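The values are calculated or read from the model by the stated rules, or taken from the named source; none is laboratory data. Computed from a prediction, not measured in an experiment: that's the story for all the values here. Note that each Cβ is placed from the backbone with ideal geometry, even for glycine, and that neighbours are counted across all protein chains shown. In case anyone asks, the SASA skips ligands and DNA or RNA and just uses the protein heavy atoms, side chains included. Shrake-Rupley method; radii C 1.70, N 1.55, O 1.52, S 1.80 Å.
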Amino acid sequence: GDHKKFVISATAITGNGTVIPVIIANQVLDYAGNNNEISETKAGKDGSITYDTTGPTVTVMAEMQSPSTRTSFPIRYTVTCREGINVSSFTADDITQSGTAAGPTWTITDSGDHKTFTLAVTALTRNGTLLPSVAAGKVTDLAGKNNLASTYNGIVVTTNIILPKPQKKLTPTATQTPPQTIII
């Protein structure tokens, strides 16, 4: 209303990226007929706004390619995201084990860039093949977009680790009540 402040809006953006709105010099005249200087932007430190409509892609890969049979823990994988993610959204509960090994205990360590993580198996209840994945919608990027289902690169790891024998649960037996003697 004061003819000094205006809101500009991007109405058609064709892909993800950075938008830096700028009005180049000599495009706008004031009431005295003077041309404008190049505009200053205020959105970010450099005036940029990130436009992001795609969730992060996630790739899981066995850290070591050979040998494919592991005989000790930890068994490590590298998880790589296309872009930085909200690290609090990525937990061991987000890992799905599709191989024949059972009961894996997973740990996740961020490399520091919030894109590359070390996934490690530190325990199992049954040997077999390990095939970890991250289902769609488990991890979010910094814009709040959910990840796409992960892809797996590399070898399928088979475990042949001496595992502790499971403890048998003892079932309590019914106790007998001795006959009661009544004295009169």
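When the stretch 103-139 is examined, which residues are found to be small (Gly, Ala, Ser) and in contact with a Gly (Cβ under 7 Å, 6 or more places away or on another chain)?
Once the filter is applied, which keeps residues that are small (Gly, Ala, Ser) and in contact with a Gly (Cβ under 7 Å, 6 or more places away or on another chain), the stretch 103-139 yields only Gly128.
Is it true that Glu40 is at pLDDT below 95 and either open to solvent by less than 60 Å² (accessible area, probe 1.4 Å) or part of a strand (DSSP E or B) (or both)?
No; evaluated as a whole, the condition is false for this residue.
Being assigned to a helix (DSSP H, G or I) and among the hydroxyl-bearing types (Ser, Thr, Tyr) is the filter here, so list the residues in the stretch 65-101 that pass it.
Matches in the stretch 65-101: Ser88, Ser89.
Across the stretch 90-148, what is the total count of residues that are in contact (Cβ under 8 Å) with a residue 60 or more places away in the chain, hydroxyl-bearing (Ser, Thr, Tyr) and under 24 Å from Ser72 (Cβ atoms)?
1
Which residue, of Gly1, Gly33, is modelled with pLDDT of 85 or more, more than 31 Å from the chain's Cα centre (by Cα) and part of a loop (DSSP other than H, G, I, E, B)?
Gly33
Return the pairs, sorted by first residue and then second, in which the second residue is of a type outside the set (Lys, Arg), the first residue lies in the stretch 11-23 and is farther than 13 Å from Thr50 by Cα, the beta carbons are less than 7 Å apart, and the residues are 6+ apart or on different chains.
From the stretch 11-23, the pairs are Val22/Ile38; Val22/Ser39; Val22/Thr41; Ile23/Asn36; Ile23/Ser39.
Can you tell me which residue within the stretch 51-64, out of those that are part of a strand (DSSP E or B) and modelled with pLDDT of 85 or more, is surrounded by the most Cβ atoms within 10 Å (Cβ to Cβ)?
Val58
Scan the stretch 132-147 for residues that are outside any strand (DSSP E or B), surrounded by 14 or more Cβ atoms within 10 Å (Cβ to Cβ) and modelled with pLDDT of 95 or more and jot them down.
Matches in the stretch 132-147: Ala135, Lys138, Val139, Asn147.
Could you please let me know if Ile161 is at pLDDT below 95, surrounded by 13 or more Cβ atoms within 10 Å (Cβ to Cβ) and either in contact with a strand residue (DSSP E or B) (Cβ under 6 Å, 6 or more places away or on another chain) or in a loop (DSSP other than H, G, I, E, B) (or both)?
Judged against the criteria, Ile161 is a match.
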